[in-house]
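As structure tokens, the structure follows; a few thoughts come after it.
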Amino acid sequence: AGATAVLCEKLPAQPSATTTWIVTGDSARALGQVSSNFYDNPSSLLKLTGVTGTNGKTTIATLLYKLFSGLGYKSGLFSTVCNYITDNEIEATHTTPDPVQINMVLSEMVKAGCDYAFMEVSSHASDQKRIVGLQFAGAIFTNLTHDHLDYHKTFDRYLAAKKSWFDSLKENAFALVNADDRNGMVMIQNCKARKLTFSTKGPADFRCRIIEQSINGMGLRIMGEEVWTKFIGDFNASNLLAVYAAAVLLGAESGEILTIISQLGSVPGRLEVIRSEEGITGIVDYAHTPDALVNVISTLNKIRRKDVKLITVVGAGGDRDRTKRPKMAAISAEGSTRLILTSDNPRSEDPEKIIDDMEEGLTSDLKRRTL
């Protein structure tokens, strides 16, 4: 196709004499290194912080981007929802893009004068070595629950994909992990970076407690300081604590961080509250794993009055992990007044078959409250 050079793991039987052939044992890893070098290693010219885990990646990365923007810094964001270079929006096609695109966008961030960049790091990205060659100032681990087993096949391989990123961190970076998740300490077993923990339940380097919460928000005590936020849910308390801790580790001042946190609103599609004039409250959440559904539904049941009905609409995506579908339906039915089953994005699957898979998790009693 006219390429002057080809990076490959195996030479063709008759390589073109007019093309330069570079043989490597790992072309995926080499692509990351080549991409970084081609764009003059842009990740080394700003403070790049990544977030990984089953749940919470988008919320934490987005809130860090908003927080540092609120502190007056030019910042960039790679997320499932959207990518940003300062205030300029760029469409996101993957949670973590390919190495060429990552470095191209990071290069644009540097040109735009960005001081910080925040990135969701998916298990696919770690496994496929899309982040090789990047220099991270910090890495954040949220939690690890049932997800993506259609790709990784086993939970151990899923965990190993996440852990491989922490194993690769440099000594001058920080590794911030959730001490409330049993896999948090596993992530940093072989890590050379500075290791720190955060917790909403027990001892840790960064601590937080929920003082009160309602549908309008919750009061938190973070490291002894009280702050009112527009978020609800125990898991969001953990997310906000991770944001606070990472901001401190990146050099921001505690009082300024808490001021911005009190002003931040929910991330689109993440426990997003919509109220009608008739007094009906709608909650939109991207929960797509059993654990995430437990978090959302239990949070709403804690704060709703007994006379308020909780009607849950839940679906599952096609061509993805089928084993979690029955669990998601059962969790939703058990915690709701009424349940409506649908498909999410069916892709190549029959939407009715997706719903059939979900219904397998329902007992006859649970089916009576399901549409």
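The values are calculated or read from the model by the stated rules, or taken from the named source; none is laboratory data. All of these numbers come straight from a predicted model, not from anything done at the bench. As a convention, Cβ positions derive from the backbone with ideal geometry for all residues, glycine included, and neighbour counts pool all protein chains shown. Note: accessible area is taken over every heavy atom of the protein model, side chains too, but ligands, DNA and RNA are not part of it. Shrake-Rupley method; radii C 1.70, N 1.55, O 1.52, S 1.80 Å.
Only one of these is touching a helix residue (DSSP H, G or I) at 6+ places or on another chain (Cβ under 8 Å), touching a residue at least 60 places away in the same chain (Cβ under 8 Å) and of a type in the set (S, T, Y): T24, T62, T49, T96. Name it. Give the steps one after another, and end with the answer.
Numbers: T24 fails: touching a residue at least 60 places away in the same chain (Cβ under 8 Å); T62 fails: touching a helix residue (DSSP H, G or I) at 6+ places or on another chain (Cβ under 8 Å); T96 fails: touching a residue at least 60 places away in the same chain (Cβ under 8 Å).
Of T24, T62, T49, T96, the one residue that is touching a helix residue (DSSP H, G or I) at 6+ places or on another chain (Cβ under 8 Å), touching a residue at least 60 places away in the same chain (Cβ under 8 Å) and of a type in the set (S, T, Y) is T49.
The rows are residues; the columns are (1) surrounded by fewer than 17 Cβ atoms within 10 Å (Cβ to Cβ); (2) assigned to a strand (DSSP E or B); (3) among the hydroxyl-bearing types (S, T, Y).
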residue: I261; (1), (2), (3): no, no, no
residue: V267; (1), (2), (3): no, no, no
residue: L293; (1), (2), (3): no, no, no
residue: I331; (1), (2), (3): no, no, no
residue: S336; (1), (2), (3): no, no, yes
residue: K353; (1), (2), (3): yes, no, no
residue: D357; (1), (2), (3): no, no, no
residue: L366; (1), (2), (3): no, no, no
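Inspect all residues belonging to segment 202-218 and state whether any of them is touching a residue at least 40 places away in the same chain (Cβ under 8 Å), over 23 Å from L48 (Cα atoms) and of a type in the set (D, E, K, R). Give the derivation first.
Keep residues of segment 202-218 that are touching a residue at least 40 places away in the same chain (Cβ under 8 Å), which gives 205-206, 213-215.
From what's left, over 23 Å from L48 (Cα atoms): 213-215.
Of the ones still in play, those that are also of a type in the set (D, E, K, R) are none.
No.
Would you call K201 on the phi < 0 side of the Ramachandran plot and surrounded by 15 or more Cβ atoms within 10 Å (Cβ to Cβ)?
On the way: on the phi < 0 side of the Ramachandran plot: yes; surrounded by 15 or more Cβ atoms within 10 Å (Cβ to Cβ): no.
Criteria not met by K201.
Specify the residue that is least open to solvent (accessible area, probe 1.4 Å); the eligible residues are those in segment 295-324 that are of a type in the set (K, R) and out of contact with any helix residue (DSSP H, G or I) (no Cβ under 9 Å at 6 or more places or on another chain).
To start, the set of residues in segment 295-324 that are of a type in the set (K, R) comprises 302, 304-306, 309, 320, 322, 324.
Among the residues that remain, those that are also out of contact with any helix residue (DSSP H, G or I) (no Cβ under 9 Å at 6 or more places or on another chain) are: 304-306, 309.
Values: R304: 79, R305: 150, K306: 209, K309: 153 Å².
Checking each candidate, the answer is R304.
Between a first residue in segment 281-293 that is in contact (Cβ under 8 Å) with a residue 40 or more places away in the chain and a second residue that is in a strand (DSSP E or B) and charged (D, E, K, R), which pairs have beta carbons less than 6 Å apart while being 6 or more apart in sequence or on different chains?
These pairs meet every condition: T281/R275.
Could you check segment 109-136 and list, in sequence order, the residues that are without any contact (Cβ under 8 Å) to a residue 60 or more places away in the chain and assigned to a loop (DSSP other than H, G, I, E, B)? Even if it seems obvious, please write down each step before you answer.
Taking segment 109-136 first, the residues without any contact (Cβ under 8 Å) to a residue 60 or more places away in the chain are 111-113, 124-125, 127.
Selection gives A112, G113.
Assess whether I140 counts as being in contact with a helix residue (DSSP H, G or I) (Cβ under 6 Å, 6 or more places away or on another chain) and open to solvent by 10 Å² or more (accessible area, probe 1.4 Å). Outline the logic, then answer.
On the way: in contact with a helix residue (DSSP H, G or I) (Cβ under 6 Å, 6 or more places away or on another chain): yes; open to solvent by 10 Å² or more (accessible area, probe 1.4 Å): no.
Considered against the rule, which asks whether it is in contact with a helix residue (DSSP H, G or I) (Cβ under 6 Å, 6 or more places away or on another chain) and open to solvent by 10 Å² or more (accessible area, probe 1.4 Å), I140 comes out as no.
For N178, state whether it is crowded, with 21+ Cβ neighbours inside 10 Å, under 16 Å from A242 (Cβ atoms) and in contact with a helix residue (DSSP H, G or I) (Cβ under 7 Å, 6 or more places away or on another chain).
Working: crowded, with 21+ Cβ neighbours inside 10 Å: yes; under 16 Å from A242 (Cβ atoms): yes; in contact with a helix residue (DSSP H, G or I) (Cβ under 7 Å, 6 or more places away or on another chain): yes.
Spelling it out, N178 is indeed crowded, with 21+ Cβ neighbours inside 10 Å, under 16 Å from A242 (Cβ atoms) and in contact with a helix residue (DSSP H, G or I) (Cβ under 7 Å, 6 or more places away or on another chain).
On the basis of being of a type outside the set (A, V, I, L, M, F, W, C), free of Cβ contacts under 8 Å to residues at least 12 places away in the same chain and open to solvent by less than 90 Å² (accessible area, probe 1.4 Å), does P42 make the cut?
On the way: of a type outside the set (A, V, I, L, M, F, W, C): yes; free of Cβ contacts under 8 Å to residues at least 12 places away in the same chain: no; open to solvent by less than 90 Å² (accessible area, probe 1.4 Å): yes.
Criteria not met by P42.
Residues that are buried (at least 21 other Cβ atoms within 10 Å of the Cβ), part of a loop (DSSP other than H, G, I, E, B) and under 17 Å from the mean Cα position of the chain (by Cα): does segment 241-248 have at least one? I'd like the intermediate steps shown before the answer.
First pass over segment 241-248, keeping only residues buried (at least 21 other Cβ atoms within 10 Å of the Cβ): 241-247.
Those still in the list that are part of a loop (DSSP other than H, G, I, E, B) too: none.
There is no residue in segment 241-248 that is buried (at least 21 other Cβ atoms within 10 Å of the Cβ), part of a loop (DSSP other than H, G, I, E, B) and under 17 Å from the mean Cα position of the chain (by Cα).
Can you name every residue in segment 223-240 that is out of contact with any Gly (no Cβ under 9 Å at 6 or more places or on another chain) and either more than 17 Å from T142 (Cβ to Cβ) or part of a loop (DSSP other than H, G, I, E, B) (or both)? Can you show your working first?
First pass over segment 223-240, keeping only residues out of contact with any Gly (no Cβ under 9 Å at 6 or more places or on another chain): 223-224, 233-234, 237, 240.
Of everything in segment 223-240, those that are out of contact with any Gly (no Cβ under 9 Å at 6 or more places or on another chain) and either more than 17 Å from T142 (Cβ to Cβ) or part of a loop (DSSP other than H, G, I, E, B) (or both) turn out to be M223, G224, G233.
For (1) under 23 Å from the mean Cα position of the chain (by Cα); (2) without any contact (Cβ under 8 Å) to a residue 12 or more places away in the chain, each residue gets a yes or a no:
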residue	(1), (2)
R325	yes, no
A330	no, no
E334	no, no
S343	yes, no
R347	yes, no
D356	no, yes
E360	no, no
S364	no, yes
T370	no, no
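Considering only residues that are modelled with pLDDT of 95 or more and surrounded by fewer than 20 Cβ atoms within 10 Å (Cβ to Cβ), which ones fall in segment 205-224? Talk me through it step by step, then tell me what you get.
Step one: of segment 205-224, the residues modelled with pLDDT of 95 or more are 205-212, 218-224.
D205, R207, R209, I210, I211, E212, G219, R221, M223, G224, listed by residue number.
Failed condition for L271, given (1) modelled with pLDDT under 95; (2) surrounded by fewer than 20 Cβ atoms within 10 Å (Cβ to Cβ); (3) on the phi > 0 side of the Ramachandran plot; (4) not acidic (D, E), with all others met?
(2)
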